Amino acid sequence: MPAPRIVVLAGGVGGAKFVRGLRRHARAAWPDGAGGSTASITVVANTGDDLWLAGLRITPDLDSLLYALAGVNDTSRGWGRAGESERVSGELAAYGVGWPWFTLGDLDLGTHIARTALLQQGLPLSAVVERLSARWPLGVRLVPATDDEVETHVLVQEDGAPRDLHFEEWWVRTRAKVPAEAFVQVGVETAKPAPPVVPALAQADVVLLAPSNPVVSIGTILGIPGIREALLATPGPIVGVSPIIGGSAVRGMADACLRAIGVETSAAAVGAHYGSRRQGGLLDGWLVDTSDEAAVAALEERDVPTRAVPLWMHDDEASAAIAAEALALALGSRTA
Ligand code: GDP
Ligand code: CA
């Protein structure tokens with residue numbers, strides 16, 4: 001079988017773990033194709049967490065993907081660059097510039113300065129990402145969902161008053177402890193998919209939804225006008241991987257996001273939320289963890305072909321096995 005053209009929708013850290021596994025699997029299964037070149041795996045990344053801070057454009061999910069795929073991420077801390085220092089952040093804090101609880105490492109700031117410089121030269125974000133990605137042999141094509149500035153805001157009640165927080169403020173400063181009343185994509189009405197997104201979906205042999213946050217990562221990508229339509233029209237199957245295992249958001253606070261949109265924190269409920277493609281939803285297949293075996297029947301009843309396989313992304317090998325299962329479910333034959 002020739003190397004399939006794969007498109008993955010992904011957020012930051014969870015998405016990156018999955019894409020590293022997918023790349024590993026693709027390199028083994030198709031040594032001359034997907035994962036060996038930049039052509040066959042396209043990662044469409046969430047840009048809803050992006051923000052302007054201290055004069056710089058920061059793109060957290062794109063950077064998590066970039067650093068993890070380049071192998072320069074900090075695996076013990078779980079975010080940012082390995083071997084990081086924070087001297088510049090200390091200076092910014094002393095001047096009272098930026099957010100004191102949002103530490104930007106020095107190496108990370110190098111990326112933000114480079115990105116901002118390229119944006120100020122007039123390059124669209126997708127071209128900037130291509131330029132930054134060219135530094136490392138990522139083995140995948142990294143594409144922002146949109147070149148337009150669409151930022152996720154969170155409506156909350158804090159200290160007795162309604163407040164509108166940027167997603168990163170809600171996530172990092174409040175640790176998602178202040179209940180979210182709603183998520184708003186500021187600027188979404190006029191946003192367009194980044195130029196590579198719709199053609200990649202139109203030519204995809206398979207589309208995978210990474211086990212990323214269903215609300216503020218995948219949900220945000222789906223909210224860009226034109227992306228859901230392009231997904232529904234994609235010729236290949238769409239298979240998702242549950243980010244919820246045993247009723248809890250693995251390493252994260254996705255439960256706080258799901259609560260706000262009235263979806264239970266369970267693999268079955270998230271699968272039902274994405275919905276069966278045969279019934280106007282997105283999914284041709286859904287993977288749940290072996291501990292969520294009971295969800296299989298519930299989802300099959302809703303016309304979503306579902307398999308229970310180990311979904312803990314302990315390391316690249318475990319993530320590669322998940323990717324192989326997702327492709328096997330999508331393409332109907334075992335590619336593992
Ligand atoms: P973020 O943008 O950095 O928050 O990352 P993503 O949105 O891409 O992914 C975050 C989500 O990944 C979390 O909410 C978890 O639900 C999910 N996740 C993290 N680790 C694992 C894992 O080992 N297995 C599975 N199935 N999901 C995981
Ligand atoms: Ca994110």
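The values are calculated or read from the model by the stated rules, or taken from the named source; none is laboratory data. On a predicted model such as this, the values are computed, not experimentally measured, just so you know. Cβ sites come from the backbone with ideal geometry, for glycine too, and all protein chains shown count toward neighbours. Surface accessibility is based on the protein's heavy atoms, side chains included, excluding ligands, DNA and RNA. Shrake-Rupley method; radii C 1.70, N 1.55, O 1.52, S 1.80 Å.
General remarks:
- Every test in (1) at pLDDT below 95; (2) not in a helix (DSSP H, G or I) is passed by Ala28 save one, and that test is (2).
- For the residues Ile41, Ile58, the requirement of being more than 10 Å from ligand 1 (Cβ to nearest atom), modelled with pLDDT of 95 or more, farther than 24 Å from Arg228 by Cα and open to solvent by less than 10 Å² (accessible area, probe 1.4 Å) singles out Ile58.
- Consider region 85-112 and keep the residues that are free of Cβ contacts under 8 Å to residues at least 40 places away in the same chain and under 23 Å from the mean Cα position of the chain (by Cα). The one that is surrounded by the fewest Cβ atoms within 10 Å (Cβ to Cβ) is Gly110.
Every residue, every condition in (1) out of contact with any Ser or Thr (no Cβ under 7 Å at 6 or more places or on another chain); (2) hydrophobic (A, V, I, L, M, F, W, C); (3) within 16 Å of ligand 1 (Cβ to nearest atom), yes or no:
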residue: Arg27; (1), (2), (3): yes, no, no
residue: Pro31; (1), (2), (3): yes, no, no
residue: Leu51; (1), (2), (3): yes, yes, yes
residue: Arg81; (1), (2), (3): yes, no, yes
residue: Ser85; (1), (2), (3): yes, no, no
residue: Val97; (1), (2), (3): yes, yes, no
residue: Phe102; (1), (2), (3): yes, yes, yes
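- Filter pass, Ser266 being buried (at least 19 other Cβ atoms within 10 Å of the Cβ), modelled with pLDDT of 95 or more, within 14 Å of ligand 1 (Cβ to nearest atom) and of a type in the set (Ser, Thr, Tyr): yes
- Trp52 fulfils the conditions (1) part of a helix (DSSP H, G or I); (2) farther than 24 Å from Ala202 by Cα; (3) modelled with pLDDT of 95 or more except for a single criterion, (1).
- Count of region 269-300 residues, restricted to those that are under 21 Å from Thr220 (Cβ atoms) and within 15 Å of ligand 1 (Cβ to nearest atom), is 6.
- The single residue among Leu155, Leu138 that is away from ligand 1 (no atom under 16 Å from the Cβ), at pLDDT 95 or above, among the aliphatic types (A, V, I, L, M) and surrounded by fewer than 20 Cβ atoms within 10 Å (Cβ to Cβ) turns out to be Leu155.
- Trp52 passes every criterion in (1) open to solvent by less than 10 Å² (accessible area, probe 1.4 Å); (2) within 21 Å of Pro124 (Cβ to Cβ); (3) away from ligand 2 (no atom under 16 Å from the Cβ) apart from (1).
- Residues of region 238-247 that are part of a loop (DSSP other than H, G, I, E, B), surrounded by 21 or more Cβ atoms within 10 Å (Cβ to Cβ) and away from ligand 2 (no atom under 16 Å from the Cβ): Ser242 alone.
- Near pairs, Cβ below 7 angstrom, 6+ apart or cross-chain, from region 313-329 (of a type in the set (Ser, Thr, Tyr)) to any residue that is away from ligand 2 (no atom under 16 Å from the Cβ) and assigned to a helix (DSSP H, G or I): Ser319/Arg20; Ser319/Gly21
- Qualifying residue in region 304-319 (condition: open to solvent by 20 Å² or more (accessible area, probe 1.4 Å), over 25 Å from Trp30 (Cα atoms), out of contact with any helix residue (DSSP H, G or I) (no Cβ under 6 Å at 6 or more places or on another chain) and not in a strand (DSSP E or B)): yes
- Residue that is more than 20 Å from Ser64 (Cα to Cα), within 18 Å of the chain's Cα centre (by Cα) and away from ligand 1 (no atom under 16 Å from the Cβ), where the choices are Ala200, Ala256: Ala200
- Taken over region 148-188, the criterion of being touching a residue at least 40 places away in the same chain (Cβ under 8 Å), away from ligand 2 (no atom under 16 Å from the Cβ) and either under 19 Å from Ile218 (Cβ atoms) or in a strand (DSSP E or B) (or both) is satisfied by Asp148, Glu181, Ala182.
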